[in-house]
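Below is one structure, written out as structure tokens, with a few remarks after it.
The values are calculated or read from the model by the stated rules, or taken from the named source; none is laboratory data. A quick note: this is a predicted structure, and the numbers were derived from the prediction, not measured. Quick reminder, even Gly has a Cβ in these numbers, built from the backbone with ideal geometry, and neighbours come from all protein chains shown. Areas reflect the complete protein model, heavy atoms only, side chains present, ligands, DNA and RNA absent. Shrake-Rupley method; radii C 1.70, N 1.55, O 1.52, S 1.80 Å.
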Amino acid sequence: MKILVVGTGAREHALALALSQDPAVTELHAAPGNPGIGALAALHAVDPLDGDAVAALATSLGADLVVVGPEAPLVAGVADAVRAAGVPVFGPSAEAARLEGSKAFAKEVMAAAGVPTADPVVVTDPERAAAALDTFGAPYVVKDDGLAAGKGVVVTEDRAAALAHALACLAKPGGRVVVEDYLDGPEVSLFVLSDGAHVVPLVPAQDFKRVGDADTGPNTGGMGAYSPLPWAPAGLVEEVVAQVAQPTVDEMARRGTPFAGVLYCGLALTSRGTRVVEFNARFGDPETQVVLARLATPLAGVLLAAATGRLAELPPLEWRDDAAVTVVVASSGYPEAPRTGDVVEGLADAAALPGVDVLHAGTAAGADGAVLSAGGRVLSVVGTGPDLAAAREAAYAGVGRIRLDGSHHRTDIARAAAGA
Ligand code: GLY
């Protein structure tokens with residue numbers, strides 16, 4: 001099978017790594033990929049947001065499957081362009097990706113499908129935004145309606161900060177914000193594959209969104225993740241499939257915009273039950289790194305089944321007993337003002353450790369084979385082991401071998417869950 005992966009980050013590196021380990025995969029390509037993916041796949045300098053260019057590349061390669069990683073190409077219709085060219089694609093249409101592209105649309109679908117979530121108020125003017133903040137009270141939750149590269153959601157006790165975020169979102173062309181109740185309780189990410197009708201859940205993971213230890217500092221794209229979640233209630237996955245994923249997929253099909261791809265269910269396990277915090281229309285980053293590290297079933301056939309309406313024919317997924325932990329190494333200044341262009345060293349040393357994979361997130365090729373930082377999140381170091389403590393030890397041993405001037409990482413990823 002020839003597969004083209006679209007995207008540049010550690011999630012795409014994790015997808016490429018899993019696909020490269022699938023004996024059914026004969027050729028792996030990435031557009032545009034990154035230096036880490038380049039060790040596994042042929043890289044193509046194609047704009048991942050240009051659907052026609054991605055479709056032309058897929059056709060010229062004779063690809064059997066295109067896997068679209070990030071949300072921006074999905075919302076821009078890249079999957080539609082590839083599908084129109086007759087190539088199977090893992091990733092929803094632009095219409096279906098509105099589940100991520102518009103928070104207000106996602107809330108509307110959830111209401112229609114009876115999916116439990118925080119009641120929202122959608123506002124388009126500053127006065128209503130201020131009134132909605134006062135209605136809900138602290139902690140304030142303000143979400144940009146549209147895509148905002150991980151910067152769209154602010155949760156704060158500070159009313160002035162909440163209002164400032166709302167005003168900044170409203171100032172954008174067509175700006176809308178969703179203000180909603182704060183959902184207490186631990187958060188869980190569950191990815192559910194869909195072929196438009198049937199759903200297949202993966203295993204739950206937990207993400208660490210704040211930049212600093214003990215959940216301090218600003219939100220980021222995610223500073224680390226782990227799986228399994230020893231504290232998660234039994235039956236959580238079945239509950240989310242029955243109460244969240246299947247009703248949502250059914251509702252999207254009923255609207256004539258079937259959702260095929262991965263529905264990322266961001267959940268809060270609140271004192272009043274499981275609630276959806278957000279939907280995304282793609283795999284989460286960095287949770288994918290730990291979920292795929294635990295998947296024993298070869299990945300290509302699973303993604304192809306979702307892309308071609310054959311999930312019901314798929315045998316049950318098999319999972320390794322191993323635990324997985326990933327720690328993100330971020331550049332100086334991330335998330336506010338990430339510095340780029342620094343040399344990243346120690347990659348081979350880290351990857352040589354047992355149970356360690358070093359996935360590239362924001363890197364670029366420098367002169368003489370050097371790897372340079374090229375984004376806020378630079379690496380996602382994945383450790384696996386027989387339990388979370390061992391996986392954590394492996395991940396942090398890997399991080400300890402990396403040298404990147406000014407870099408920082410959280411030291412408490414999976415600490416509580418591992419009982420460390
Ligand atoms: N880990 C958060 C996200 O992928 O959006």
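Taking 8 Å as the Cα distance limit and 6 or more residues as the minimum spacing, I'd like the relative contact order of region 210-312 as a percentage. If you can, show how the numbers build up before the last one.
On the way: 78 pairs, mean separation 22.6, N = 103.
RCO, region 210-312: 22 percent.
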**Report entry** Loop trypsin sites (Lys or Arg not before Pro), region 106-207, which have at most 16 other Cβ atoms in a 10 Å radius of their Cβ (DSSP)
**Finding:** LYS151
Query raised in the report: In whole angstrom, how far apart do the alpha carbon centroids of region 203-228 and region 19-75 sit?
Result: 28
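In percent, how large is the relative contact order of region 315-378, given Cα pairs closer than 8 Å and 6 or more residues apart? Could you put the intermediate results ahead of the total?
Numbers: 76 pairs, mean separation 24.8, N = 64.
So the answer I get is 39 percent.
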Query raised in the report: With each label point set 7 Å from Cα along the Cα-Cβ vector, what nm distance links ASP52 and ASP412?
Result: 5.1
Query raised in the report: Based on Cβ point charges of +1 for Lys and Arg and -1 for Asp and Glu, what charge dipole magnitude is obtained for the chain about its Cα centre, in debye rounded to the nearest 20?
Result: 160
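Express the accessible area of region 1-113 per residue in Å², computed with a 1.4 Å probe while the remaining protein chains stay in the model.
Values: 3650 Å² over 113 residues.
On a per-residue basis, 32 Å².
Given contacts defined as C-alpha pairs under 8 Å and at least six residues apart, what's the relative contact order of the chain, whole-number percent?
Values: 1069 pairs, mean separation 67.0, N = 420.
Averaging sequence separation for qualifying contacts and normalising by length gives 16 percent for the chain.
May I ask you to derive the FRET efficiency for GLU313 and ALA234 from their Cβ-Cβ distance with R0 = 35 Å, giving the value to the nearest 0.05? Present the calculation step by step, with values, prior to reporting the outcome.
On the way: r = 28 Å, r/R0 = 0.80.
Efficiency, from the Cβ-Cβ distance: 0.80.
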Requested in this report: Take every Cα-Cα pair in region 42-84 and report what % of them are more than 12 Å apart.
Outcome: 53
**Report entry** Surface share of carbon and sulfur [accessible, 1.4 angstrom probe, percent] for region 66-111
**Finding:** 56
Report task. Taking the Cα centre of region 1-125 as origin, work out the dipole magnitude from +1 charges on Lys and Arg Cβ and -1 charges on Asp and Glu Cβ, in debye rounded to 20. Result -> 180
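What is region 203-259 by shape, rounded, prolate or oblate, if you read a ≥ b ≥ c off the alpha carbon gyration tensor as root eigenvalues and call it rounded for a/c under 1.5, prolate for a/b larger than b/c, and oblate otherwise? Each step should come with its number before you reach the end.
Numbers: a/c = 3.82, a/b = 1.72, b/c = 2.23.
It comes out oblate by the Cα gyration axes.
Note down the net charge around LEU163, summing +1 for each Lys or Arg and -1 for each Asp or Glu among other residues with Cβ under 12 Å from its Cβ. All intermediate terms of the calculation are to be shown ahead of the outcome.
Details: positive: ARG128, ARG159; negative: GLU127, ASP134, ASP158.
Counting the neighbours of LEU163, the net charge comes to -1.
With 30 Å as the limit, write out which pairs from LYS2/LYS103; LYS2/LYS107; LYS107/LYS151; LYS2/LYS209 have Cα-Cα distances beyond it, or answer none. Working shown, then result.
Details: LYS2/LYS103 35 Å; LYS2/LYS107 37 Å; LYS107/LYS151 19 Å; LYS2/LYS209 35 Å.
The answer is LYS2/LYS103; LYS2/LYS107; LYS2/LYS209.
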Query raised in the report: Per the helix-only calculation at 222 nm, which mean residue ellipticity applies to the chain, given -39500 (n - 2.57) for every DSSP H run of n ≥ 4 and division by its residues, nearest 500 deg cm²/dmol?
Result: -8000 deg cm²/dmol
